[in-house]
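Structure first, then comments.
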Amino acid sequence: MRNCQVLVMVLVWVCGVHGDSRGGVDTLEEGFMFDDITNDTALDYYEGSGEFAREPFRDILEFPVCVTDEDCEETSVNTGQDHRCFQYMCYPWNKVGGGLPFRSCKRRSDCYELMEEEGGDGEDGDCYRHHDRRNVFAGICLPPSEMLSCSEHKECPPHLRCTNFYCGEPHYYQALRSEACPRYQDSFCQDLLLGHSCCFDFSGELSPNSLDWKMKCCDQEVGAPVILPEDGIGEEEIQQLDSTLSEMAVLEKNEMFCKAFSYQLMVNLSSCATFTTTTTTTTTTTTTTTTTTTTTTTTTTTTTT
C-alpha cells in the first residue's frame, strides 16, 4: 500500500512540473534534467572549462603547491611546523593554537555540516587522510567534490581542475604548471596533465653556475624539448644564455639547443658558432694558351761534273 502511495505522489509531481513547463516533456528534459550536469569542453585535457563557482579558498602563499612531501620540506624548515602534502598543498597538519582554515578530523563523522569559513556550504563533508597515517595522525575536512580522484579534467566539476590526481582549485593547478619537472621524465608531465614533455627552460632567469638547470613541462611533441627565450632579449641576457650553454656542453645537447633558437639569436652565441651554416662560393677562371709552331725544311741539291 505504501509503495502505491509513493507512486501516486511521484506521478502527481511529474504532472505538476509537466503542466508548469508549458513545453511538454521535451522542455522538462532540456531545461531541468541536463543543464547542470554537462561537462563537455574543448579544453578538458589541459585547461578544463574555466568556470569558477566561488573565490579561491586555499591560500597558495600560506599553503604552497606540492606533489610529494619532499616539496614541503623547505616550508617546514622556514615555519617550524611539520608540513605534509595534502592532495596538492603543503599543510601544517599538527599546528597548535588554531588559525587554520580546515577542520581537523580522523573520520567522516568529524566533518558534519561544514561551514563556509571551513571551505564548505553547510552540507556534510568528508575526511581526507594523508597516506602516511603512522606519522600523520589527523586529516582535514573537505567538501565531497574536492575528495574526488581524477586522471582528466573532465572527471571533475566544471569549477575544479584535476590537480595531482585530485579535483582541486584552479589556481593550484596553474601553479603546478610552473613547477620544475624531473629531467627526461616526460611521464611526470603527462600523468599530471601539465604537458607532453619535460623541457629545458631558457625562458626565464638562467643559472650558469649551477648544474641543476631549469626544467619545466611543455607541450612540445615534435622537435627539441626546449622552451625558447623571449624574443628581443638584451645583450646581458644573451651573454648569460651563452654562459649557460657553455656549462651545459657536458650534456652534449648544445646542437639541439642552438638549432631550436632563431638564427638571429644563434649567430650571437659563441657556444653555437660550430652549428651556424656559412656558404662560401669560389669562382675559378682558367686561361688556355695555344702555341702554333711552324717548321721550315730547306733542301740543297749538289751537281758533280
- Item | Globularity index of the range 158-256, i.e. its alpha-carbon radius of gyration over 2.2 N^0.38 Å | 1.20
- Note on the structure: Binned at 10 Å starting from 0, the alpha-carbon pair-distance distribution of the range 65-163 in whole percents comes out as 16, 44, 35, 6
- Note on the structure: Lys and Arg at +1, Asp and Glu at -1: neighbours of PHE261 with Cβ under 14 Å from its Cβ sum to -4
- Query: So how much slack lies between ILE238 and SER203, counting 0.36 nm per residue of separation and subtracting their Cα-Cα distance, in nm?
  - Reply: 11.4 nm
- Give the calculated FRET efficiency between TYR184 and TYR112 to the nearest 0.05, with a Förster radius of 30 Å applied to their Cβ-Cβ distance. 0.05
- Between ASN94 and PHE165, with labels modelled 7 Å along Cα→Cβ, what's the label distance in nm to one decimal, could you check? 2.5
- Which value, in nm² and rounded to one decimal, describes the direction-averaged projected area of the C-alpha convex hull of the range 103-221? 9.9
- Across bins of 10 angstrom width beginning at 0, how are the C-alpha pair distances of the range 89-135 distributed, in whole percent? 24, 54, 21, 0
- Task: Using the structure shown, list the pairs from LYS154/LYS259; LYS95/LYS154; LYS214/LYS253; LYS216/LYS253; LYS95/LYS216 with a Cα-Cα distance above 26 Å, or answer none.
- Result: LYS154/LYS259; LYS95/LYS154; LYS95/LYS216
- How much accessible surface area, in Å² rounded to 10, belongs to the heavy atoms of TYR112 with a 1.4 Å probe? 130
- Message: For THR163, what residues show an amide H to amide H distance below 5 Å, using hydrogens built from the backbone and excluding near sequence neighbours?
- Response: GLY168
- Task: Please work out how much accessible surface VAL77 shows to a 1.4 Å probe, ignoring ligands, DNA and RNA, in Å² rounded to 10.
- Result: 120
- Query: PHE137 to GLU252: extension gain in nm, 0.36 nm per residue of separation minus the Cα-Cα distance?
  - Reply: 36.6 nm
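The values are calculated or read from the model by the stated rules, or taken from the named source; none is laboratory data. Computed from a predicted model, the values in this text were never measured in an experiment. So basically every Cβ, Gly included, is an ideal-geometry build from the backbone, and we count neighbours across all protein chains shown. Surface areas here come from the heavy atoms of the whole protein model, side chains and all, with no ligands, DNA or RNA. Shrake-Rupley method; radii C 1.70, N 1.55, O 1.52, S 1.80 Å.
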